[in-house]
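The next block holds one structure in the form of structure tokens; read it before the comments.
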2 protein chains.
Amino acid sequence: MIFEEKTVESKKLFEGRIIDLRVETVEFPDGKTAYRELVDHPGGVGILALTKDGKIPLVRQFRKPIEKAIWEIPAGKLDKNEEPKMCGIRELKEETGYIAKEIVSLGFLYPSPGFANEVTHIFFAKGLEKGEVSPDEDEYLDIEEFSVDDVRKMILNNEINDAKSVIAFLKCDAMNLFER
Amino acid sequence: MIFEEKTVESKKLFEGRIIDLRVETVEFPDGKTAYRELVDHPGGVGILALTKDGKIPLVRQFRKPIEKAIWEIPAGKLDKNEEPKMCGIRELKEETGYIAKEIVSLGFLYPSPGFANEVTHIFFAKGLEKGEVSPDEDEYLDIEEFSVDDVRKMILNNEINDAKSVIAFLKCDAMNLFER
């Protein structure tokens, strides 16, 4: 039996540049209450691209929260009122220089629905044309292109652990999008 | 080129029951600095279980951050010093009543490496025996068992969006673990 959780008290503790933090007291229909810690996040986009010669560009970036550099698909946060697909095209271009001509939605994911409202939209792109790279000011990236087989191995060997990247690849693979 | 980000200033803004919040100034080797908002999370475990008659138990739970109830594999946060595999067995038992006899690691994922240090360990369990359900005090759950084909459809139709659940299923599927 599912009980909706009605907010009976909400306190914003932090308003940041990227995330906000709230604590809330919630009430179930049976009158019981519970305490929740909630992070508000603008959401983002990840884009798995396949080049004309069948390679997947991945970016490797130092991630401060986990104190290491990891491989991920090109991705970024949604700008205010930005359409997810346009954000994906923009981030792919900025990080890899590729301009995507054909784009398919792979749906979206909730990375951490227990404490964050973040939604990540994922896309598959092909028909790529090469343009100029233009990373963000404070974004230092390695870019490398991998074969589909290599990315599959890196995922199954647990060398790629970023949620959006794993989901984008495995969904494409399950839908045979790499073979068309 | 990857630059490590060295912390030059760190301020803890919130210490919660589940998450903590820090803001940091980080420095790159070239002397440039950047600002980071970081959430500390204890990490968790998700466990995809296959019953003797080939069904996968999923739990549906209201998630306050996204204001809706979603289907997920049984999961929970790691208790302090708890071994991930033991946590998976415990959560599966508490939420579904099943006692797992055979457990395989499916690796781990970083749900949101851009702002959170959360790590989610995922497991595949079979050889299940039925025990007693014992959910947490403030946990209200629906439990239902789905066929492997139905879960695959729900994922590809974007009806299951929880990151750990999608990854656990698609990794099992890619490794043919449902067929053995």
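Numerical summary
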item	result
³J(HN,Hα), Karplus 6.51/-1.76/1.60, whole Hz, each residue of region A:118-131, x for Gly, Pro	4, 10, 10, 8, 10, 9, 10, 10, 9, x, 7, 10, 7, x
Other protein chain Cβ atoms within 10 Å, averaged over every residue that makes up B:7-19	3
Anisotropy class of the protein assembly as shown from Cα gyration tensor, a/c 1.5 cut	oblate
Order by protection proxy (mean Cβ within 10 Å, highest first), peptides A:94-107, A:165-178	A:165-178, A:94-107
Tilt relative to chain A, helix A:84-96 - C-alpha long axis, 0 to 90 degrees, to 10	50
Whichever lysines have a C-alpha closer than 19 Å to that of residue B:68, once near sequence neighbours (fewer than 8 apart) are set aside	A:6, A:32, B:164
Qualifying lysines (Cα of each under 16 Å from Cα of residue B:126; at least 8 residues distant if same chain)	B:52, B:55, B:85, B:93, B:101, B:171
Environment charge at residue B:65 (Cβ cut-off 11 Å; Lys +1, Arg +1, Asp -1, Glu -1)	-1
Relative contact order of chain A, defined on C-alpha pairs under 8 angstrom at six or more residues apart (%)	22
Amide proton proximity set for residue B:99, modelled H, under 5 Å, gap of 5+	B:129, B:130, B:131
Interchain or long-range residues, amide H under 5 Å from residue B:14's placed H	B:21
222 nm mean residue ellipticity, helices alone, for chain A (DSSP H n ≥ 4; -39,500 (n - 2.57); rounded to 500)	-6000 deg cm²/dmol
Other protein chain Cβ atoms within 10 Å, averaged over every residue that makes up A:161-171	6
Karplus-derived 3J(HN,Hα), 6.51/-1.76/1.60, for each residue of region B:44-57, Hz, glycine and proline x	x, 9, x, 9, 8, 10, 10, 6, 4, 9, x, 9, 10, x
Size of electric dipole in the protein assembly as shown: Cβ of Lys, Arg +1 and of Asp, Glu -1, about Cα centre, debye, nearest 20	520
Amide H within-cut-off set for residue B:63, under 5 Å, with H built and near neighbours excluded	B:68, B:69, B:70
In region A:1-74, the trypsin sites (Lys or Arg not before Pro) that fall in loop regions by DSSP, at most 16 other Cβ within 10 Å	A:17, A:32, A:52
Cα gyration tensor category, rounded, prolate or oblate, for region B:44-179 with a/c compared to 1.5	rounded
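Each value in this text was obtained by applying a stated rule to the coordinates, not by laboratory testing. All of these numbers come straight from a predicted model, not from anything done at the bench. Positions of Cβ are generated from backbone atoms using ideal geometry, with glycine treated the same way; all protein chains shown enter the neighbour counts.
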